[in-house]
1. Quick one: which helices (runs of 4 or more DSSP H) sit completely within segment 1-101 and have at least 3 residues that are among the acidic types (Asp, Glu)?
2. Could you grab me the full set of residues in segment 98-117 that are touching an Asp or Glu at 6+ places or on another chain (Cβ under 7 Å) and among the aliphatic types (A, V, I, L, M)?
3. From the list GLY332, GLY320, GLY313, GLY264, exactly one residue is on the phi > 0 side of the Ramachandran plot and surrounded by 14 or more Cβ atoms within 10 Å (Cβ to Cβ). Which is it?
4. With respect to THR58, is the statement that it is over 29 Å from the mean Cα position of the chain (by Cα) and surrounded by 12 or more Cβ atoms within 10 Å (Cβ to Cβ) true?
5. Just to be sure, is VAL314 modelled with pLDDT of 90 or more, within 19 Å of the chain's Cα centre (by Cα) and more than 30 Å from ALA157 (Cα to Cα)?
6. VAL42 versus (1) surrounded by 18 or more Cβ atoms within 10 Å (Cβ to Cβ); (2) of a type outside the set (S, T, N, Q); (3) under 29 Å from MET132 (Cβ atoms); (4) in contact with a helix residue (DSSP H, G or I) (Cβ under 9 Å, 6 or more places away or on another chain): which is the lone unmet condition?
7. So if I check each of PHE274, PHE256, PHE289, which one is closer than 22 Å to CYS180 by Cα and either surrounded by fewer than 22 Cβ atoms within 10 Å (Cβ to Cβ) or over 22 Å from the mean Cα position of the chain (by Cα) (or both)?
8. Please find, among ASP89, ASP93, the residue that is among the acidic types (Asp, Glu), farther than 20 Å from ASP222 by Cα, free of Cβ contacts under 8 Å to residues at least 12 places away in the same chain and surrounded by 12 or more Cβ atoms within 10 Å (Cβ to Cβ).
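The values are calculated or read from the model by the stated rules, or taken from the named source; none is laboratory data. Model, not experiment: these values are computed from the prediction. Here the Cβ positions follow ideal geometry from the backbone for every residue, glycine too, while neighbour counts run over all protein chains shown.
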Amino acid sequence: MLACLVLNSLLVFSNRSQFADYIADVSHTTGIRMGADFDERVRNLPLDEYAAWLRLQTEDKTDVFDGYTTGYIAESYISTHDLTGIIADLMRDKYERLQAVVDENAESGAGMSLYYADATYDRHTHLFRMMMVALLFEGIILTALVMLLSLGYENSAKTEFVVYSTKKGRKINSAKLISCIIIGLAAYALITVVTLTLFFTINPLGGTGGSNVSSGFNYIWDLITGGRPFVTWHSFTVITYLLAIIGVSAGLILCFAILAYITGLWIRNSYIGFLVLAVMNFAVFALPFVVFGLTLPTFFLIHSPIWLAMQQGVWFTDGGSNALFPHFETIGIIASFVVAAAFALWSSKKFKRRNLL
């Protein structure tokens, strides 16, 4: 945990923007909703380089969602990846649904939120695609290590035959599962609180925390479609989006805890178990496109825990060409939990009857 906090401290200072800090400060005065009133308040700011730059970026700003259509995204993916049949139909259906969200954003004026103006993309990327990704993987690794070390303790201490011959015996693993999940989530919560406290001390949020995360200054960079608006299925402010990311991350850590539990039941050596768990996740991440190509099995495997973790930067958005369904991160976590829990139950029953010799 100390190593994680040292790393996170370095990451906090890796991307600084004085202009973003300036906007966080003046947003209390200017407000966060661009328009005529906002322009007037910006003109009344003390004139300096940053005030002039802010005025240049926001004055007479038009809503990015006015007249914006999403159909071209689906067609770009379909033509680039040569998608056909049900996969192409599902891709088009997803962006038809996204169009309805875009129309709602145009009506509500979500795109007219200030966020960090021209510094939005860098600051958003720094927080949500660097810091939160680092925290997620740190939580996963810590939880997996705790689980595997706990389950492998009797093996490493050479006390298996003594412990498992008692009345409680192998039922002790159920208590270990619950306690290690609690410890893992508590560790994630602690390093998240400490890291984000440092992050927002160095990179102040100011009044921009109430900005819609789908601000016209925020965008997704896609190798196929280029830059396009950052659209979420539900309306999020920066703060509620951050809380949603933390909540889904906790759910994903829970899934990895159960996967580590399954691994620990079958492999009694903690270190070998951790290596096997890492290799299996790498295989699930790297092999689907090689083995199945762009077929339905590949798109289903993309909802696996390791794939969801790697896609954290686009959670709650359309997910790009890797996702066929809206809310892919929620669907993936629920499905992963159900499958992992079922396999954990089966593994527990097998472990109770397994010969230790």
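1. Working: elements: 2-12, 18-30, 36-43, 49-58, 71-81.
The qualifying helices (runs of 4 or more DSSP H) are 36-43.
2. Of segment 98-117, the ones touching an Asp or Glu at 6+ places or on another chain (Cβ under 7 Å) are 98, 106, 109, 111-112.
Hits for segment 98-117 are LEU98, ALA106, MET112.
3. None of the other options fit; the residue is GLY320.
4. Details: over 29 Å from the mean Cα position of the chain (by Cα): yes; surrounded by 12 or more Cβ atoms within 10 Å (Cβ to Cβ): yes.
So THR58 passes the test.
5. On the way: modelled with pLDDT of 90 or more: yes; within 19 Å of the chain's Cα centre (by Cα): yes; more than 30 Å from ALA157 (Cα to Cα): yes.
Yes; evaluated as a whole, the condition is true for this residue.
6. Every condition holds for VAL42 apart from (3).
7. Details: PHE256 fails: either surrounded by fewer than 22 Cβ atoms within 10 Å (Cβ to Cβ) or over 22 Å from the mean Cα position of the chain (by Cα) (or both); PHE289 fails: closer than 22 Å to CYS180 by Cα.
On inspection, the qualifying residue turns out to be PHE274.
8. Numbers: ASP93 fails: farther than 20 Å from ASP222 by Cα.
Answer to the check: ASP89.
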